[in-house]
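Readers should treat all values here as calculations from the given coordinates under stated rules, not as data from a laboratory. Quantities reported herein were computed from a predicted structural model and do not represent experimental measurements. Here the Cβ is made from the backbone with ideal geometry for all residues, glycine too, and neighbour counts use every protein chain on show.
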Amino acid sequence: MDSCTLVSIDGDIISPEDEKVHNYLLRQIEEGNIELLVDLTAVKYIDSSGISMLLRLLQNARRKGGDIRIYGISERVGKIFNQVGLSHIFKSYNSQEEGIISFSG
């Protein structure tokens with residue numbers, strides 16, 4: 001793959017709204033876009049269903065040899081990620097540029 005696919009999520013990742021996000025990201029993975037860089041700048045909250053969704057998508061991408069990485073995590077979402085251990089599972093970056101570079105190495 002030449003570069004990663006950039007995806008921006010606009011709004012909270014909560015059920016049932018996260019189904020739209022899930023379907024879009026799953027379609028990307030199924031179409032071979034297995035290196036995804038997800039912008040969480042506009043996400044202010046993520047609930048347990050949103051966390052489960054991200055983990056399932058990450059497993060799908062990694063099974064195909066890819067990865068899902070994130071950037072733009074708000075302080076609130078960052079705290080949630082830390083509390084449930086996602087900060088150790090997802091590679092995260094401070095900027096889009098850092099995230100893109102991480103896929104090239």
### Message
Please enumerate, by chain and number, the lysines with C-alpha under 23 Å from the C-alpha of K44, excluding those fewer than 8 residues away in the same chain.
### Response
K20, K79, K91
### Query
In whole Å, what are the Cα extents of region 1-79 along the three principal axes, biggest one first?
33, 22, 18
### Query
When the label point is put 7 Å from the Cα of K64 along its Cα-to-beta-carbon vector, which residues of region 15-31 have a backbone N closer than 11 Å?
25-31
